[in-house]
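What follows is one structure encoded as structure tokens, with my remarks underneath.
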Amino acid sequence: MNVVRHVIGGDEVDSLGRRRFESVNPWTQEPWAEVALGEQQDADRAVEAARRAFDEGPWPRMGTAERRAILHRFADLILEHAAEFALADTSDMGKPLSDMLEQDVPRAAHNFRFFADHAALSTGELFPMDSGHHAYEQFDPAGVVAAISPWNFPLMLESWKVAPALAWGNTVVLKPAEESPTSASLLGRLGLEAGLPPGVLNVLHGFGPDGAGEALTTHPQVDRVTFTGESATGRAVAAAAASHLAPVSLELGGKGASIVFADADLDHAVSWSVRAAFSNAGQVCLAGSRLFVEAPVYDEFVERLVAAAESLVLGDPADPATDVGPLSSRQHHAKVTSYLDDVPLVGGKVLTGGRRDGWFVAPTVLVGLAADARPCREEIFGPIVPVLPFEDEDEAVRLANDSPFGLNAMCFTTNLSRGHRVARRLRAGTVWVNCFFVRDLRAPFGGVGDSGVGREGGRYSREFFTEPKAVVMEIDR
Ligand code: NAD
């Protein structure tokens with residue numbers, strides 16, 4: 001069996017208490033890796049290594065060109081090790097290997113290149129003052145960053161946090177999800193090979209509450225906490241970080257509304273809706289998991305959606321023909337299928353999909369539900385999408401905005417003015433018009449309401465991962 005260890009201070013190490021836990025492959029339902037179980041003493045060791053590397057090491061003091069070159073080398077190594085990363089995430093949490101090779105791995109490498117370039121090319125403002133002084137801004141590294149990530153896009157989301165933190169001169173302790181530990185240790189190892197000084201990127205494995213995660217968020221030597229995960233966990237993380245006033249960035253759950261107007265290009269809307277609802281087996285924070293379709297095209301849209309859902313291939317995630325793999329774990333499968341049990345009780349109907357053998361749920365289309373039914377309001381995080389009709393634009397916007405979440409929303413229309421108008425009215429961190437999942441890493445990314453606190457991406461990442469400083473200087477006496 002594979003053994004996955006922490007990466008602390010430049011070494012791959014077991015936990016001080018020698019304890020381990022298992023990572024279970026959702027396709028075989030068998031353990032495939034033994035993972036070091038980090039506890040308080042291991043978190044202390046990891047934070048101390050990061051602290052020392054920050055306070056005494058070269059990384060925060062290095063010229064941006066040198067840091068940029070190392071991070072580009074890191075990106076090259078990620079691409080060279082694409083097959084290992086793909087196997088790691090697929091075996092840990094069941095996503096199709098082809099998605100890893102075509103999307104997650106290239107995007108992880110791109111995250112490093114983008115933030116390396118962004119930091120190296122960044123400029124600051126100078127403020128001339130009438131008093132005979134001038135002031136200017138500079139962006140100092142913030143210190144030790146705790147990066148806590150979820151299991152649904154393991155490598156991709158680890159790199160989304162680690163890359164900007166490093167690019168801005170910080171040191172990091174990365175705590176990957178316990179369900180998907182393997183790619184993080186590989187990332188830690190490759191970072192050293194790329195030339196990161198020891199202690200700059202540390203990887204700590206373990207659980208959240210009363211475990212490695214909580215030990216990091218409460219640690220007084222941690223200067224920033226960047227967290228992606230469930231909204232309820234986000235509340236606990238924010239409360240813990242408040243104890244030592246560490247700023248938090250929280251990227252949390254979603255219930256993305258997708259509005260399809262009668263004037264939309266229906267082929268386009270169906271194909272994006274299928275991707276939005278079912279890719280990664282629906283285990284996507286940004287999933288289009290509430291579909292609202294204008295009444296005149298509702299029946300036709302639903303018919304096409306069902307046909308497209310039924311054409312998706314379920315199976316072994318390592319098989320290139322597979323579109324939808326198993327859900328990530330037995331507990332998660334139980335949670336997702338509990339929503340299916342609810343459907344007939346609240347007057348709904350399963351048009352296609354449902355439970356399958358193993359930890360599978362087939363792409364599922366629900367109709368006949370009221371907008372306040374549980375499957376329409378809560379984040380299911382599985383391949384299940386309710387479709388509801390609406391009469392006009394005002395109703396569509398009201399339905400979409402009636403949610404505690406506000407991560408993202410989609411709108412399909414060929415009416416240009418309506419596209420802009422609806423985008424303006426939707427309460428969400430990202431609105432996609434006639435598309436889905438397309439990202440520009442310079443743009444703000446984050447959520448409204450229960451979907452998060454703060455923004456990352458481009459200059460928003462700079463604000464979070466640095467201490468902006470004002471320097472005021474007398475120039476006329
Ligand atoms: P989770 O909240 O259960 O766990 C996320 C991470 O937090 C894990 O590493 C876990 O060990 C750690 N953790 C748990 N409790 C903790 C605590 N008390 N203190 C510190 N750390 C703790 O989330 P998950 O099930 O791994 O991920 C799925 C969730 O993530 C979904 O809600 C999804 O929408 C969300 N998500 C959001 C985004 C986004 O960008 N907004 C992206 C991906 C996933």
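Tabulated results
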item: Segment 128-183, residues that are among the acidic types (Asp, Glu) and within 17 Å of Gly38 (Cβ to Cβ); result: Glu158, Glu178, Glu179
item: Residue match in segment 55-66 (condition: in a helix (DSSP H, G or I), at pLDDT 95 or above and open to solvent by less than 30 Å² (accessible area, probe 1.4 Å)); result: yes
item: Whichever residue in segment 205-224 is more than 21 Å from Cys285 (Cβ to Cβ), near the ligand (Cβ under 10 Å from one of its atoms) and part of a loop (DSSP other than H, G, I, E, B) and, among such residues, is most open to solvent (accessible area, probe 1.4 Å); result: Asp210
item: Selection from segment 332-353 of residues that are touching a helix residue (DSSP H, G or I) at 6+ places or on another chain (Cβ under 6 Å) and farther than 14 Å from Leu388 by Cα; result: Tyr339, Asp342, Thr352
item: Extreme residue, farthest from Gly132 (Cα to Cα), among residues of segment 419-476 that are touching a strand residue (DSSP E or B) at 6+ places or on another chain (Cβ under 8 Å), basic (Lys, Arg) and surrounded by fewer than 16 Cβ atoms within 10 Å (Cβ to Cβ); result: Arg439
item: So Phe227, is it of a type outside the set (A, V, I, L, M), more than 10 Å from the ligand (Cβ to nearest atom), open to solvent by less than 30 Å² (accessible area, probe 1.4 Å) and outside any loop (DSSP other than H, G, I, E, B); result: no
item: Residues of segment 372-393 satisfying the condition of being open to solvent by 20 Å² or more (accessible area, probe 1.4 Å) and closer than 13 Å to Val293 by Cα; result: Pro389, Glu391, Asp392, Glu393
item: Failed condition for Pro181, given (1) near the ligand (Cβ under 8 Å from one of its atoms); (2) open to solvent by less than 10 Å² (accessible area, probe 1.4 Å); result: (1)
item: Wholly enclosed helices (runs of 4 or more DSSP H) of segment 337-445 bearing at least 1 residues in the same structural domain as Gly282 (by TED's automatic domain parsing) and within 16 Å of the ligand (Cβ to nearest atom); result: 374-377
item: Any hit, segment 234-243, residues being touching an Asp or Glu at 6+ places or on another chain (Cβ under 6 Å), within 14 Å of the ligand (Cβ to nearest atom) and among the small types (Gly, Ala, Ser); result: no
item: Single residue of segment 153-163 satisfying the filter (within 12 Å of the ligand (Cβ to nearest atom) and open to solvent by less than 10 Å² (accessible area, probe 1.4 Å)) that is nearest to Lys95 (Cα to Cα); result: Pro154
item: Residue within segment 253-266 that is more than 7 Å from the ligand (Cβ to nearest atom), free of Cβ contacts under 8 Å to residues at least 24 places away in the same chain and assigned to a loop (DSSP other than H, G, I, E, B) present; result: no
item: Residue identified as modelled with pLDDT of 95 or more, away from the ligand (no atom under 14 Å from the Cβ) and within 18 Å of the chain's Cα centre (by Cα) among Leu190, Leu166; result: Leu166
item: Output for segment 430-477, where each listed residue is in contact (Cβ under 8 Å) with a residue 40 or more places away in the chain and small (Gly, Ala, Ser); result: Gly446, Gly447, Gly449, Ser451, Gly452, Gly454, Gly458, Ser461, Ala470
item: Residue ID - most open to solvent (accessible area, probe 1.4 Å), chosen from residues in segment 67-91 that are over 26 Å from Gly325 (Cβ atoms) and hydrophobic (A, V, I, L, M, F, W, C); result: Ala69
item: Breaking point among (1) within 12 Å of the ligand (Cβ to nearest atom); (2) at positive phi; (3) not polar (S, T, N, Q), for Gly199; result: (1)
item: Tally of residues being under 17 Å from Asn280 (Cβ atoms) and either surrounded by fewer than 20 Cβ atoms within 10 Å (Cβ to Cβ) or free of Cβ contacts under 8 Å to residues at least 12 places away in the same chain (or both) across segment 334-354; result: 1
item: Matching residues in segment 1-50 - criterion: being part of a helix (DSSP H, G or I), in contact with a Ser or Thr (Cβ under 9 Å, 6 or more places away or on another chain) and of a type in the set (D, E, K, R); result: Asp42
item: For Val260: the one exception among (1) closer than 20 Å to Val47 by Cα; (2) buried (at least 21 other Cβ atoms within 10 Å of the Cβ); result: (1)
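Quick grid of which residues meet (1) out of contact with any His (no Cβ under 7 Å at 6 or more places or on another chain); (2) farther than 21 Å from Thr182 by Cβ; (3) free of Cβ contacts under 8 Å to residues at least 24 places away in the same chain; (4) not hydrophobic (A, V, I, L, M, F, W, C):
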position	(1), (2), (3), (4)
Val24	yes, no, no, no
Glu30	yes, no, yes, yes
Asp44	yes, yes, no, yes
Ala53	yes, yes, no, no
Glu56	yes, yes, yes, yes
Thr64	yes, yes, no, yes
His72	yes, yes, no, yes
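The values are calculated or read from the model by the stated rules, or taken from the named source; none is laboratory data. Remember, predicted model here, so these are calculated numbers, not experimental data. Cβ atoms come from the backbone with ideal geometry, glycine included; neighbour counts cover every protein chain shown. Heads up: the accessible areas ignore ligands, DNA and RNA and are worked out on the full protein's heavy atoms, side chains in. Shrake-Rupley method; radii C 1.70, N 1.55, O 1.52, S 1.80 Å.
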